[in-house]
Amino acid sequence: MSVSTKIDFREEILEGIPTELPPAKPYDLAVNHAPKRKKILGPEEKKLALKNALRYFPASQHKILLPEFSHELEQFGRIYMYRYMPVNEIYARPIDEYPAKCRQAAAIMLMIQNNLDKQVAQHPHELITYGGNGAVFQNWAQYRLTMQYLANMTEEQTLVMYSGHPLGLFPSTPDAPRVIVTNGMMIPNHSKPDDWEKYNALGVTQFGQMTAGSYMYIGPQGIVHGTCITVMNAGRRFTRGEKGLQGKVFVTCGLGGMSGAQPKATVIAGGICVVAEINPKATETRHKQGWVDEVFTDLMELFERVKVARANKEAVSIAYQGNVVDLWEFIVRNNIEVEIGSDQSSLHNPFAGGYYPVGYSLEESNLMMAEHPEEFRNAVYASLRRQTDAINAMHHKGMYFFDYGNAFLLEASRAGADILKEDGNFKYPSYIQDILGPMCFDYGFGPFRWVCTSGSENDLALTDALALEVMRDLRKSAPTEICTQLDDNIRWIEQAQANNMVVGSKARILYADATGRMKIAAAFHKALAEGKISAPIVLGRDHHDVSGTDSPYRETSNIYDGSQFTADMAVQNFAGDACRGATWVSLHNGGGVGWGEVINGGFGLVLDGSDASAKRANNMLFWDVNNGIARRSWARNPEAIFAIREAMKREPLLKVTLPNLVDDSLFTI
Ligand SMILES: NC(=O)c1ccc[n+]([C@@H]2O[C@H](COP(=O)([O-])OP(=O)(O)OC[C@H]3O[C@@H](n4cnc5c(N)ncnc54)[C@H](O)[C@@H]3O)[C@@H](O)[C@H]2O)c1
């Protein structure tokens, strides 16, 4: 049966790893593939990687699979087991199509399939959702086994996931999470970038990014919304002249998974975006999608176009097909005015395809990173030094530059670029320090999201309407401190359908605080219980949020009491969500800024209209936001002190230790 090219979708899931070898699959050149990974394993380690891979299969098949996996390891630096890719299309199907014994498990299957949908995922055949190395699984055997376990699990079991590997189903209770995911958890001294290369090649760990390895990615919409909020607030607060982005230029890099949201978001915010992208495939995708309006290869012509846009205060996005360093250096040489600058190349992954050094073609770089990694590393660092010099020159002319959470400042400093102040701190803020931290996270506002598991447009439209009603209602009595945040999100949700952002599952994002999230969940519960919403709703969030992530160069970069280098909050958040009712929880090393630089976690919660699920949502969402506000408040962030005091007024059972502020003048004595 398994050798046939046709197999029913449900049967294929229930089959797990087929007993008979499926036919080998050709390497599909039409698909966007992950770059070849660095050669890092010695001969004995290669043997270990192969033995590790073969343990998923009966010994009788090892003779056939060994040379094939060995070829994959040589050719791609990893063993993906392409032969085991399912025959049926992977995408978020309506929940009732999944073979399952409990709906929670079916909802998780839907979320996994969404992360691997070829319309959604960056390198679908390598099981990478976004960010170059953000993996859902390490190989196709893990995918097949996991789906089979989920199809068979009951509410008396919990599935344990070790970096894509399903360890197994363990007895538990209906109130326990159905799945507990950890990705990339390492002994701290073994968490350098090369450790990821090595242990991932051995098949014992993976980089789960944030919402890739936790099955909570909702395609570009999530990131467009967050980018919109960031760019809009940067325009409000940090540009000269009138407030807002009209007629102002934002220069940046990247048209990839997340970075590709920058041009679209800038246009929604009313500005002019100029974005460099070295990979023609990425440029073409974004151009076809309408996310970037125009593409230029000639910088002179490009800036003639910008001149017109500036004069007309046009909202427009323009791609430069080429290297970002060439773009910045052209801007400096030609004295071009730029109000805001940033960068979203994947510098969390600088030497394995995240950043392309100036002076080399894409193909030359791809070859060099695999064949001559040391030379490639030097080229990346030289490129970062040149990029920083150009950015510094523009900063002197008044441009506002911010780090976009991609480890630009960190890698530039490692490259020896002129990026540090005398006190050793970076010259530029991260977008969290200046924008998202004080304006959103410290008040509890973050990227809440939901997915309609029916796959129905009507359900999504109804949830939009319910969320809008809740937000408008909250706005009526909101303290002034959070009115802008509510207004921005009310406008977003009003325009959400018109912006046509849904790719993959029927999902929606908006930035809401704890009260907003809980009230929206309650409204969904009521509509589910009354049968107005036709199938369960999955609630979740990005890890890039108030409480989910400890990351000193990003989410917690606006924590200034020294605790930005600790990871208690993310771990407490994960454990707390698990024991308060999340349907699944995840804890990751890496994500955004890179392996070893961040601990982050997330959750998914299935609301099915039952009182038990409503109670779980209420309990968990309150904790999920407020534990982070409490930590931010203890770090003396004034907005968080305000927010946690408000939360204590609303919930008498909440008792938080508040900081006593010290008068700085005491230290001058
Ligand atoms: N958008 C956000 O809100 C957000 C938030 C936090 C962090 N990030 C970070 O932003 C980075 C980008 O994420 P992504 O998903 O878009 O990654 P990606 O790898 O899909 O895209 C990055 C793009 O940059 C291009 N690029 C690299 N070097 C270049 C160069 N020198 N010149 C021109 N183009 C170049 C690549 O070709 C690629 O298409 C990641 O590090 C991510 O963690 C984004």
Inset, instruction - May I ask for the distance between the Cα centers of the range 573-625 and the range 273-298, given as a whole number of Å? - result: 36 Å
Legend entry - Listed residues 552, 321, 620: farthest to the positive end of the dipole of the chain (Cβ charges): 620
Inset, instruction - Evaluate the relative contact order of the chain (contact order divided by residue number), counting alpha-carbon pairs under 8 angstrom at least 6 apart; express in whole percent. - result: 13 percent
Inset, instruction - With a 10 Å radius around each residue's Cβ, average the other Cβ atoms per peptide and rank 120-130, 261-271, 580-590, 448-458, highest first. - result: 580-590, 261-271, 120-130, 448-458
Legend entry - Ranked order, 196, 623 - accessible area, probe 1.4 Å, largest first: 623, 196
Inset, instruction - Take 155, 284 and sort them by solvent-accessible surface of the protein heavy atoms, 1.4 Å probe, largest at the top. - result: 284, 155
Inset, instruction - May I ask you to give the percent of accessible area on the chain that is carbon plus sulfur, with a probe radius of 1.4 Å? - result: 54 percent
Inset, instruction - Go through 46/118; 264/313; 476/519; 118/288; 506/532 and tell me which ones have a Cα-Cα distance over 23 Å in this structure. - result: 46/118
Inset, instruction - Working with all protein chains in place, sort 610, 665 by solvent-accessible area computed with a 1.4 Å probe, largest first. - result: 665, 610
Inset, instruction - Return the sequence-ordered ³J(HN,Hα) values of the range 614-623 in whole Hz as given by the Karplus equation 6.51 cos²θ - 1.76 cosθ + 1.60 applied to θ = phi - 60°, using x for Gly and Pro. - result: 5, 5, 4, 5, 4, 5, 6, 5, 4, 5
Inset, instruction - Give the dimensionless ratio obtained when the Cα radius of gyration of the range 230-287 is divided by 2.2 N^0.38 Å. - result: 1.16
Legend entry - the chain: calculated mean residue ellipticity at 222 nm from DSSP helix runs of at least 4, using -39500 (n - 2.57): -13000 deg cm²/dmol
Inset, instruction - In whole Hz, with x marking every Gly and Pro, tabulate ³J(HN,Hα) for the range 627-637 from phi via Karplus 6.51 cos²θ - 1.76 cosθ + 1.60, θ = phi - 60°. - result: 5, x, 5, 4, 5, 5, 5, 4, 7, 6, 6
Legend entry - Where Rh is the Kirkwood radius over Cα pairs, Rg/Rh for the range 390-538: 1.12
Inset, instruction - Give me the accessible area per residue for the chain, probe 1.4 Å, as a whole number in Å². - result: 38 Å²
Inset, instruction - Determine the relative contact order of the range 378-419: mean sequence separation of Cα pairs under 8 Å and six or more apart, normalised by residue count, in whole percent. - result: 59 percent
Inset, instruction - Using only the alpha-carbon atoms of the chain, report the extent along each of the three principal axes, biggest first, to the nearest angstrom. - result: 71, 60, 54
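Taking every pair of Cα atoms in the range 345-408, average 1/r, invert it to obtain the Kirkwood radius, and report Rg/Rh to two decimals.
Details: Rg = 12.9 Å, Rh = 12.5 Å.
Computed over Cα atoms, the ratio is 1.03.
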Inset, instruction - Determine the relative contact order of the range 578-669: mean sequence separation of Cα pairs under 8 Å and six or more apart, normalised by residue count, in whole percent. - result: 18 percent
Legend entry - For residue 636, net neighbour charge (Lys/Arg +1, Asp/Glu -1) across residues whose Cβ lies under 12 Å away: -2
Inset, instruction - Could you give the size of the charge dipole of the chain about its Cα centre, using +1 on the Cβ of each K and R and -1 on the Cβ of each D and E, expressed in debye and rounded to the nearest 20? - result: 620 debye
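The values are calculated or read from the model by the stated rules, or taken from the named source; none is laboratory data. Just so it is clear, the structure is predicted and the values come from calculations on it, not from any experiment. Reconstructed Cβ throughout: ideal geometry from the backbone, glycine too, with neighbour counts over all protein chains shown. Note: areas computed on protein heavy atoms with side chains; ligands, DNA, RNA excluded. Shrake-Rupley method; radii C 1.70, N 1.55, O 1.52, S 1.80 Å.
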